[in-house]
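Here the structure comes first, spelled out in C-alpha cells, and everything after it is commentary.
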Amino acid sequence: MLGAQRLGFEAKNCAVFEDAPAGIQAGEAANASVVVITATHKHQIEISHPAVPGYDALKAQQNGDGRLSILGSTR
C-alpha cells in the first residue's frame, strides 16, 4: 500500500507481483490485483490468482491512454 501511495495510486489500481505467501496475502488485503511468480516455489501452492513462471514471461506495453498493460503467458 505504501508503494502505491508513494506513486500516487490507490492499491486497488495496482498489480502486485509476488512469490511469497505473505506478499500474496498483503496484495489481497490491499485489494490489489495479484500475479504469482512461481519460479521460486519448489512445491505447489494453492492460489486463485494468475501465475507466471518468472518475470521473463512478461512484457509491459503502454496503451494509448498512457496506462500499462502486462502481456504474458499465465496459467
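Under the criterion of Cα pairs below 8 Å and six or more residues apart, the relative contact order for segment 2-72 equals 20 percent. A cut-off under 14 angstrom between Cβ atoms defines the neighbours of A26, and their net charge, with Lys, Arg +1 and Asp, Glu -1, is -2. Peptide packing for 18-25, 2-9 was compared via the average number of neighbouring C-beta atoms within 10 Å per residue; ordered from the highest value, the list is 18-25, 2-9.
At q = 0.18, 0.27 Å⁻¹ the log10 of I(q)/I(0) for the chain amounts to -0.77, -1.31, computed by Debye summation with a single uniform scatterer per C-alpha, solvent ignored.
Rule-based calculations on the coordinates, nothing more; no lab input. All of these numbers come straight from a predicted model, not from anything done at the bench. As a convention, Cβ positions derive from the backbone with ideal geometry for all residues, glycine included, and neighbour counts pool all protein chains shown.
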